[in-house]
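The next block holds one structure in the form of structure tokens; read it before the comments.
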Ligand SMILES: [Zn+2]
């Protein structure tokens, strides 16, 4: 059986690729790459499903509501959505989308304390809102029997958002797989999450920063996935440019180097991880 290279978290449906999306996808396909297009609100979730329909068994979709979209000062990123696409989380809409067969996970959802408001009271309200919407998405994932693609990011030099996420996962008794995307935790919190059974994805940042080396060495290889988070954070050789799935090979090589195994072994093992976790 042929081994495929998986980009476990990218946003190939975003307007960042409006003018050349097909060419970008072709370049990925030519390199043997399959992609998980991750939704960040209703509009980008539906666009991810549409792409998965267009490229069956090459692109897979997730649907979710990103915690940063719950801030008082809604942050507009022109790479992510057009003007005036501010949304309010609607449980029923997402619950319906979750049942679509192209949808393999729920998220990105979670807790982002990194971009919390400076004002303490406002920050508290935002975090409470994030928790509430995270819990609702956990419920949707449980009903759909699909894993969770988690975006949680702690405030500076802290593990707060990871600890709160873990607490919520335990309290809700979530019974399926969880994946912490763009993982930035330290050794101690990583041990706790590994014990819980979590999986982790790493992106291009590990090719130009040594901050993640020790944590990656400490995580069992059967819990590791690899992502681009494209269009964001391109790996070293394209640093600062728009990222795309075809750039992911460099990050696979970096994981091979850190784990002391061959590039082919990483492709084989990570491919098996993706198939097991997302049931594809
Ligand atoms: Zn993302």
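No value in this document is a laboratory result; all are computed from the given coordinates. This one's a predicted model, so the numbers in the text were calculated from it and none came from an experiment. No Cβ is skipped: glycine too gets one built from the backbone with ideal geometry, and neighbour counts run over all protein chains shown.
Quick check on segment 181-230: what does the Kirkwood estimate of hydrodynamic radius come out to from the alpha carbon pairs, in Å?
Kirkwood hydrodynamic radius for segment 181-230: 11.0 Å.
Extension gain residue 257-residue 209, at 0.36 nm per residue separation less the Cα-Cα distance, in nm?
Full extension of this stretch gives 15.9 nm more.
Using per-residue counts of other Cβ atoms within 10 Å, averaged over each peptide, order 39-52, 182-195 from highest down.
39-52, 182-195
What's the FRET efficiency of residue 53 with residue 76 using the Cβ-Cβ distance as r and R₀ = 25 Å, to the nearest 0.05?
Working: r = 27 Å, r/R0 = 1.09.
E between residue 53 and residue 76, to the nearest 0.05, is 0.35.
For segment 211-264, compute Rh as the Kirkwood radius over C-alpha pairs and then the Stokes-Einstein diffusion coefficient at 10 °C and 1.306 mPa s; write the answer in µm²/s, rounded to an integer.
Once the numbers are plugged in, D ends up at 134 µm²/s.
Using a ≥ b ≥ c from the Cα gyration tensor of segment 65-168 (square roots of the eigenvalues), is it rounded, prolate or oblate, where a/c under 1.5 gives rounded and otherwise the larger of a/b and b/c decides, a/b for prolate?
Oblate is the answer for segment 65-168, as a/c is 1.5 or above yet b/c matches or exceeds a/b.
How do the peptides 225-231, 244-250, 126-132 rank, highest first, by the average count of neighbouring beta carbon atoms within 10 Å per residue?
On the way: 225-231: 25.7, 244-250: 22.3, 126-132: 18.0.
Descending mean neighbour count gives 225-231, 244-250, 126-132.
What do the square roots of 5 times the Cα gyration tensor eigenvalues come to for segment 179-280, in whole Å, largest first, as semi-axes of the equivalent ellipsoid?
20, 16, 13
Efficiency by 1/(1 + (r/R0)^6): what FRET value for residue 170 and residue 129, r their Cβ-Cβ distance, R0 = 25 Å, to the nearest 0.05?
0.75
I need the shape label for segment 5-278. Rule: rounded when a/c is under 1.5, else prolate if a/b > b/c, else oblate, with a, b, c from the alpha carbon gyration tensor.
The shape class here is rounded.
Neighbour counts of other C-beta atoms within 10 Å: give me 11, 76 arranged from fewest to most.
76, 11
Would you kindly state how much longer the chain becomes between residue 195 and residue 90 on full extension, computed as 0.36 nm times their sequence separation minus their alpha carbon distance, in nm to one decimal? Don't jump to the answer; show the numbers that get you there.
Working: separation 105, 0.36 × 105 = 37.80 nm, distance 3.28 nm.
Using 0.36 nm per residue and subtracting the Cα-Cα distance, I get 34.5 nm.
Could you work out which residue, out of 210, 151, 69, moves most in a Gaussian network model of the chain, that is, has the largest mean-square fluctuation with Cα springs under 10 Å?
Of 210, 151, 69, the most mobile in the Gaussian network model is 210.
Kirkwood hydrodynamic radius (Cα pairs, Å) of segment 1-126?
About 15.6 Å for segment 1-126.
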